[in-house]
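To start, the structure under review is shown below, and the notes come after it.
The values are calculated or read from the model by the stated rules, or taken from the named source; none is laboratory data. All values reported here derive from a predicted model rather than from experimental measurement. Don't worry about glycine lacking a Cβ; one is built from the backbone with ideal geometry, like all the others, and counts go over all protein chains shown. Calculation scope for accessible area: heavy atoms of the full protein, side chains included, ligands and nucleic acids excluded. Shrake-Rupley method; radii C 1.70, N 1.55, O 1.52, S 1.80 Å.
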Amino acid sequence: MVIVAGHLVVDPEVRDAYLTGCVDVVRQARRADGCLDFSIAADLLDAGRINVFERWESQAAVDAFRGSGPGGEQSAAIRSASVAEHDVSATRSLT
């Protein structure tokens, strides 16, 4: 399993528009083969932060979905980013 997690920073006044522009990407990801979970969401405390969380069955599934990344307008809106892929060898359910 692969987890992609981290955050993006955008100007607070464009965060809502950025997230609206991600709706189709989230929809496509959740339908993609090997996607277990995919979320891009506003941070509750920081008005310019967008939290990213993805869970995939394999690296091959991540690679097949990725493509070229955010479009030009979205890329221009990102001021900084800290997102990483994590290979997971075991999981434990907390529920």
Query raised in the report: Among (1) 39, 29, 20; (2) 51, 20, 18; (3) 55, 26, 13, which is the computed Cα extents along the principal axes in Å?
Result: (1)
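Report the gain in length on full extension from Arg31 to Ala76: 0.36 nm times residue separation, minus Cα-Cα distance, nm rounded to one decimal.
On the way: separation 45, 0.36 × 45 = 16.20 nm, distance 2.67 nm.
Here the segment from Arg31 to Ala76 would lengthen by 13.5 nm.
Exactly which chymotrypsin sites (Phe, Trp or Tyr not before Pro) in the stretch 12-68 are in a DSSP loop and have at most 15 other Cβ atoms within 10 Å? Could you put the intermediate results ahead of the total?
Numbers: sites: Tyr18, Phe38, Phe53, Trp56, Phe65; in loops: none.
In loop regions of the stretch 12-68 (DSSP not H, G, I, E or B), there are no sparsely surrounded chymotrypsin sites (Phe, Trp or Tyr not before Pro).
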Requested in this report: Using a 10 angstrom cutoff on alpha carbons, build the Gaussian network for the chain and name the most mobile of Val52, Val62, Val25.
Outcome: Val25
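Report the calculated FRET efficiency for Ala17 and Thr91 (r = Cβ-Cβ distance, R0 = 30 Å), to the nearest 0.05.
Numbers: r = 35 Å, r/R0 = 1.17.
Once the sixth-power term is evaluated, E becomes 0.30.
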Query raised in the report: Please state the relative contact order of the chain as a whole percent: Cα pairs under 8 Å, 6+ residues apart?
Result: 46
Requested in this report: May I ask you to list the trypsin sites (Lys or Arg not before Pro) in the stretch 43-95 that are in a DSSP loop and have at most 12 other Cβ atoms within 10 Å of their Cβ?
Outcome: Arg92
Query - Alpha-carbon Rg with Dmax, taken over the stretch 40-95, Å - result: 14.3, 40
Report summary line: Output for the stretch 1-87: GluC sites (Glu not before Pro) sitting in coil per DSSP, at most 15 other Cβ within 10 Å, listed by number, reads Glu57
Query raised in the report: Which value, in Å², gives the accessible area per residue of the chain when a 1.4 Å probe is used on the protein heavy atoms?
Result: 66
